[in-house]
Amino acid sequence: MNFDEPVAPVLIAGIGNILLGDDGFGPQAIARLQSEYEFGGEVELLDLGTPALDFVDYLAGRKVVVLLDALSCGGAPGEVLIYDHAQLRKRVPGMRLSAHQPCLDETLFAAETAGINFEQVTLIGIVADSLEVGTELSPTVSSAMPQVLQLVCEIMSQQGVNVRRRETPIPQLTWWNKAGSSLLNES
C-alpha cells in the first residue's frame, strides 16, 4: 500500500482465507464484483485475504467501508447478515480471532483512535456452512452470493455511487480457480 497516494473514499473489501472453503467468501465476492460490475472511480475493491495489523491501514482515508466476510455464527448456514458500524462496535458476530487476523472491533477502535472517521461501515456476512480445506464455496454459500452482490450495489447506490452491471462479465482468472475457468456461475 502506497501511503503517499490518495485513496478512493469508498472501500469494498473481501476478508477471508480462500483455502478454507466458505471462509473464502469475501475474496470470491470481490472477484465476482470485479467481473460482473463497473463502479465509479470513487470505489476501490480489494481482496484483503486475512489481514493482520495492517488492516487499519486499508481503512485510512475512507468515508464508506463495506466488508464482505464469512461468519461462524449468528444464523443458519448460508444466511446473509448485515451489521452497521454501531452494531459492530457493540457485538462482533462470530468473527475469527487469531494472531494473523485481529478482531474487527479492535481494528475499528484503532481506526477511530487514529482519527479515521467513517460516514458508514457495513459488514455483509454469510454464515459459513463448511470451513474444510479447499477453494470451493459450499452450495449453501454459493447460492447466497447473488443476494450479497445485490446488497453491495444497493449500498453503493445509496451513497450516490454509479454502479452498472456489465453486459458481458469479464472472466476472472484467479489463482484459486482451475486454469482457464471463470468465477461466473449460472446465478
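Side notes on the structure shown:
- Residue within the range 156-173 that is modelled with pLDDT of 95 or more, of a type in the set (A, V, I, L, M, F, W, C) and surrounded by fewer than 18 Cβ atoms within 10 Å (Cβ to Cβ) present: yes
- Residue within the range 174-186 that is modelled with pLDDT of 95 or more and open to solvent by 70 Å² or more (accessible area, probe 1.4 Å) present: no
- Matching option when the condition is without any contact (Cβ under 8 Å) to a residue 60 or more places away in the chain, among the charged types (D, E, K, R) and either part of a strand (DSSP E or B) or open to solvent by less than 50 Å² (accessible area, probe 1.4 Å) (or both), among 47, 57: 47
- Residues of the range 62-100 classified as at pLDDT 80 or above, part of a loop (DSSP other than H, G, I, E, B) and either within 19 Å of residue 127 (Cα to Cα) or open to solvent by less than 50 Å² (accessible area, probe 1.4 Å) (or both), total: 7
- Hits in the range 1-35 - residues which are surrounded by fewer than 20 Cβ atoms within 10 Å (Cβ to Cβ) and acidic (Asp, Glu): 4, 5
- Candidates are the residues of the range 104-155 that are open to solvent by 70 Å² or more (accessible area, probe 1.4 Å) and aliphatic (A, V, I, L, M); the one that is farthest from residue 65 (Cα to Cα) is 133.
The values are calculated or read from the model by the stated rules, or taken from the named source; none is laboratory data. Predicted, not measured: the structure shown is a model, and the values here were computed from it. Reconstructed Cβ throughout: ideal geometry from the backbone, glycine too, with neighbour counts over all protein chains shown. What goes into the accessible areas is simple: the full protein's heavy atoms, side chains included, and nothing from ligands, DNA or RNA. Shrake-Rupley method; radii C 1.70, N 1.55, O 1.52, S 1.80 Å.
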